[in-house]
Amino acid sequence: EMQLVESGGGLVQPGGSMRLSCAASDFTGNYDMSWVRQAPEKERELVAAIRREGSTSYIDSVKGRFTISRDNTKNTLYLQMNSLKPEDTAVYYCNARFRWSGNEYWGQGTQVTVSA
């Protein structure tokens with residue numbers, strides 16, 4: 001069964017950069033993958049997604065600042081975050097969806113805090 005483990009979160013100042021990683025136990029080439037974030041008392045939101053074939057999409061608020069990528073040779077998903085804002089503060093979760101069944105898998109999340 002697919003297992004996902006996020007890493008790379010922590011405290012960063014506004015305007016700073018951070019890269020999140022998601023290590024997968026199964027071959028990531030069989031999955032559409034995404035990063036989802038949730039702040040306390042706020043709605044969960046899909047931040048960025050990358051399909052099995054490589055196409056990407058982003059929520060408007062992070063376009064031009066965040067980049068989602070994958071390395072299927074390492075079974076790893078990445079989220080490069082630049083020009084971070086306090087509004088980016090949230091727990092970031094890695095999600096994987098198997099292309100043929102639609103089954104979804106989630107990581108445990110990693111906290112990102114943007115504060116001076």
Next item on the list: Name the one entry in Arg65, Arg52, Arg97, Arg37 that is under 14 Å from the mean Cα position of the chain (by Cα) and open to solvent by 60 Å² or more (accessible area, probe 1.4 Å).
Entry: Arg97
Next item on the list: Scan segment 51-82 residue by residue and report those that are polar (S, T, N, Q) and free of Cβ contacts under 8 Å to residues at least 24 places away in the same chain.
Entry: Ser55, Thr56, Ser57, Thr67, Ser69, Thr73
Next item on the list: State all residues of segment 83-104 that are touching a residue at least 40 places away in the same chain (Cβ under 8 Å), assigned to a strand (DSSP E or B) and more than 12 Å from Val36 (Cα to Cα); if no residue qualifies, say none.
Entry: Arg97, Phe98
Check: Can you name every residue in segment 83-94 that is of a type in the set (D, E, K, R) and open to solvent by less than 50 Å² (accessible area, probe 1.4 Å)?
Finding: Asp88
Check: Quick one: Arg70 ticks every box in (1) closer than 21 Å to Glu1 by Cα; (2) open to solvent by less than 10 Å² (accessible area, probe 1.4 Å) bar one, so which box is it?
Finding: (2)
Note to self: Going residue by residue through segment 73-82, is there one that turns out to be part of a strand (DSSP E or B), out of contact with any helix residue (DSSP H, G or I) (no Cβ under 8 Å at 6 or more places or on another chain), closer than 23 Å to Val114 by Cα and open to solvent by 10 Å² or more (accessible area, probe 1.4 Å)?
What the structure shows: yes
Note to self: When you check Thr89 against the structure, is it farther than 20 Å from Leu4 by Cβ and touching a Leu at 6+ places or on another chain (Cβ under 7 Å), yes or no?
What the structure shows: no
Notebook entry, point to check: Is there any pair linking a residue in segment 29-50 that is touching a residue at least 60 places away in the same chain (Cβ under 8 Å) to one that is surrounded by 12 or more Cβ atoms within 10 Å (Cβ to Cβ) and assigned to a helix (DSSP H, G or I), with Cβ under 8 Å and at least six apart or on different chains, and which?
Noted result: Arg37/Asp88
Next item on the list: Consider Asn30 carefully, then state whether it is within 21 Å of Glu104 (Cα to Cα), in contact with a helix residue (DSSP H, G or I) (Cβ under 7 Å, 6 or more places away or on another chain) and either buried (at least 19 other Cβ atoms within 10 Å of the Cβ) or at pLDDT 95 or above (or both).
Entry: no
Margin query: Looking at segment 108-116, can you tell me whether even one residue there is open to solvent by 70 Å² or more (accessible area, probe 1.4 Å), in a loop (DSSP other than H, G, I, E, B), at negative phi and small (Gly, Ala, Ser)?
Written below: yes
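The values are calculated or read from the model by the stated rules, or taken from the named source; none is laboratory data. Owing to the predicted nature of the structure, the values given are computational and were not obtained by experimental measurement. FYI the Cβ positions are ideal-geometry reconstructions off the backbone, even for glycines, and counts take in every protein chain you see. Heavy atoms of the whole protein, side chains included, go into the accessibility calculation; ligands, DNA and RNA do not. Shrake-Rupley method; radii C 1.70, N 1.55, O 1.52, S 1.80 Å.
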